[in-house]
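Colleague: The structure that follows is given in the form of structure tokens.
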Amino acid sequence: EDQVTQSPEALRLQEGESSSLNCSYTVSGLRGLFWYRQDPGKGPEFLFTLYSAGEEKEKERLKATLTKKESFLHITAPKPEDSATYLCAVQAGNSGYALNFGKGTSLLVTP
Amino acid sequence: DSGVTQTPKHLITATGQRVTLRCSPRSGDLSVYWYQQSLDQGLQFLIQYYNGEERAKGNILERFSAQQFPDLHSELNLSSLELGDSALYFCASSVDPRGRDNEQFFGPGTRLTVL
């Protein structure tokens, strides 16, 4: 059975304090690994898709990386507006095109 | 704004009732997905439609059904509602799930409260 585990569950950072969020996965035939950002009461906002081990993508202060077993979302010099829940999801080759989401990491960045 | 619209924003109803949630995908997107988000379960996939046809089913209860119409909008019907059905329901759309760039874009959600 496909599994996605995100850690930590919650993370509190000071503005400017860089850190990484982890997404560990087990899946039969990975088609893609997706990162989303979700603000309270809103829909998830697409950030990145990674397809193969070694791939990296960047957007502003965020950088996502992928290995065969896990993905990291690196946040460099975060600002308070980066506070949100970050969701990781996998799309497996044998389960259609549905996304299987982890429970998320709730990030709080304080001034 | 993702371009995916959902109505209504909020819905409050009683146990045993039936409701319909509506979703309009982004212009040009052929595939629609429905997800349920509750505090204890996280985001769970319910069902997917592609160009009017059902493509995949997830943990969708028999009391729930969906369809995608010729204009590509989709409706999720929830019947015989129970307290445990209270959740946020999201619709997402993608261009063509078979393609490489098949990211799903989510709507703002419908918050369902069953009393």
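The values are calculated or read from the model by the stated rules, or taken from the named source; none is laboratory data. Predicted model, so just to flag it, every value in this text is computed and none were measured. A quick note on method: Cβ atoms are made from the backbone with ideal geometry, for glycine too, and the neighbour counts reach across all protein chains shown. The protein model used for the area step is the full one, side chains on, heavy atoms only, and it has no ligands, DNA or RNA in it. Shrake-Rupley method; radii C 1.70, N 1.55, O 1.52, S 1.80 Å.
Colleague: Can you tell me which condition B:GLU82 does not meet? The list is (1) more than 10 Å from chain A (Cβ to nearest Cβ); (2) open to solvent by less than 50 Å² (accessible area, probe 1.4 Å); (3) over 23 Å from A:GLU1 (Cβ atoms), and all the others hold.
Modeller: Unmet condition: (2).
Yes/no matrix, rows are residues, columns are (1) touching a residue at least 24 places away in the same chain (Cβ under 8 Å); (2) within 27 Å of B:SER86 (Cβ to Cβ); (3) out of contact with any strand residue (DSSP E or B) (no Cβ under 9 Å at 6 or more places or on another chain); (4) part of a loop (DSSP other than H, G, I, E, B):
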residue: A:GLU17; (1), (2), (3), (4): yes, no, no, yes
residue: A:PHE34; (1), (2), (3), (4): yes, yes, no, no
residue: A:SER71; (1), (2), (3), (4): yes, no, no, no
residue: A:ALA77; (1), (2), (3), (4): yes, no, yes, yes
residue: A:LEU87; (1), (2), (3), (4): yes, yes, no, no
residue: A:SER106; (1), (2), (3), (4): yes, yes, no, no
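Colleague: Out of A:LEU50, A:LEU11, A:LEU62, report the one residue that is within 13 Å of chain B (Cβ to nearest Cβ) and either open to solvent by less than 30 Å² (accessible area, probe 1.4 Å) or not hydroxyl-bearing (Ser, Thr, Tyr) (or both).
Modeller: The conditions single out A:LEU50.
Colleague: Tell me, please, whether a residue that is in contact with a Phe, Trp or Tyr (Cβ under 9 Å, 6 or more places away or on another chain), among the aliphatic types (A, V, I, L, M) and surrounded by fewer than 21 Cβ atoms within 10 Å (Cβ to Cβ) can be found in region A:22-38. If you could, list the steps in order and put the result at the bottom.
Modeller: Narrowing region A:22-38 to residues in contact with a Phe, Trp or Tyr (Cβ under 9 Å, 6 or more places away or on another chain): A:22-23, A:30-38.
The next check asks that each one be among the aliphatic types (A, V, I, L, M); those that pass are A:30, A:33.
Within this subset, residues satisfying the condition of being surrounded by fewer than 21 Cβ atoms within 10 Å (Cβ to Cβ) are A:30.
Within region A:22-38 (the criterion being in contact with a Phe, Trp or Tyr (Cβ under 9 Å, 6 or more places away or on another chain), among the aliphatic types (A, V, I, L, M) and surrounded by fewer than 21 Cβ atoms within 10 Å (Cβ to Cβ)), the answer is yes, since at least one residue qualifies.
Colleague: Continuing with this model, one more query. Name the one entry in B:ASN77, B:ASN102, B:ASN51 that is in contact with a Phe, Trp or Tyr (Cβ under 8 Å, 6 or more places away or on another chain) and either open to solvent by 30 Å² or more (accessible area, probe 1.4 Å) or within 21 Å of A:PHE101 (Cα to Cα) (or both).
Modeller: Working: B:ASN77 fails: either open to solvent by 30 Å² or more (accessible area, probe 1.4 Å) or within 21 Å of A:PHE101 (Cα to Cα) (or both); B:ASN51 fails: in contact with a Phe, Trp or Tyr (Cβ under 8 Å, 6 or more places away or on another chain).
After applying the criteria, what remains is B:ASN102.
Colleague: Just to be sure, is A:GLY102 touching a Gly at 6+ places or on another chain (Cβ under 8 Å) and surrounded by fewer than 19 Cβ atoms within 10 Å (Cβ to Cβ)? Please lay out each step first, then the result.
Modeller: Numbers: touching a Gly at 6+ places or on another chain (Cβ under 8 Å): yes; surrounded by fewer than 19 Cβ atoms within 10 Å (Cβ to Cβ): no.
No, not satisfied.
Colleague: Any residue at all in region B:20-28 that's among the charged types (D, E, K, R), modelled with pLDDT of 95 or more, touching a strand residue (DSSP E or B) at 6+ places or on another chain (Cβ under 6 Å) and more than 23 Å from A:TRP35 (Cβ to Cβ)? Steps first, answer last, please.
Modeller: If we filter region B:20-28 for residues that are among the charged types (D, E, K, R), which is where we start, we get B:22, B:26.
Then keep just the ones that are modelled with pLDDT of 95 or more; that gives B:22, B:26.
Next cut, touching a strand residue (DSSP E or B) at 6+ places or on another chain (Cβ under 6 Å) only: B:22, B:26.
Subsequent filtering for residues that are more than 23 Å from A:TRP35 (Cβ to Cβ) retains B:22.
There is at least one residue in region B:20-28 that is among the charged types (D, E, K, R), modelled with pLDDT of 95 or more, touching a strand residue (DSSP E or B) at 6+ places or on another chain (Cβ under 6 Å) and more than 23 Å from A:TRP35 (Cβ to Cβ).
Colleague: From B:ALA92, B:ALA87, grab the single residue that is under 21 Å from A:LEU87 (Cα atoms) and more than 11 Å from chain A (Cβ to nearest Cβ). Spell out the reasoning first.
Modeller: Values: B:ALA92 fails: more than 11 Å from chain A (Cβ to nearest Cβ).
Among B:ALA92, B:ALA87, only B:ALA87 is under 21 Å from A:LEU87 (Cα atoms) and more than 11 Å from chain A (Cβ to nearest Cβ).
Colleague: Give the residue, chosen from B:ARG18, B:ARG111, B:ARG55, that is on the phi < 0 side of the Ramachandran plot and more than 10 Å from chain A (Cβ to nearest Cβ). Full working, then the answer.
Modeller: Values: B:ARG111 fails: more than 10 Å from chain A (Cβ to nearest Cβ); B:ARG55 fails: more than 10 Å from chain A (Cβ to nearest Cβ).
Sole residue among the options that is on the phi < 0 side of the Ramachandran plot and more than 10 Å from chain A (Cβ to nearest Cβ): B:ARG18.
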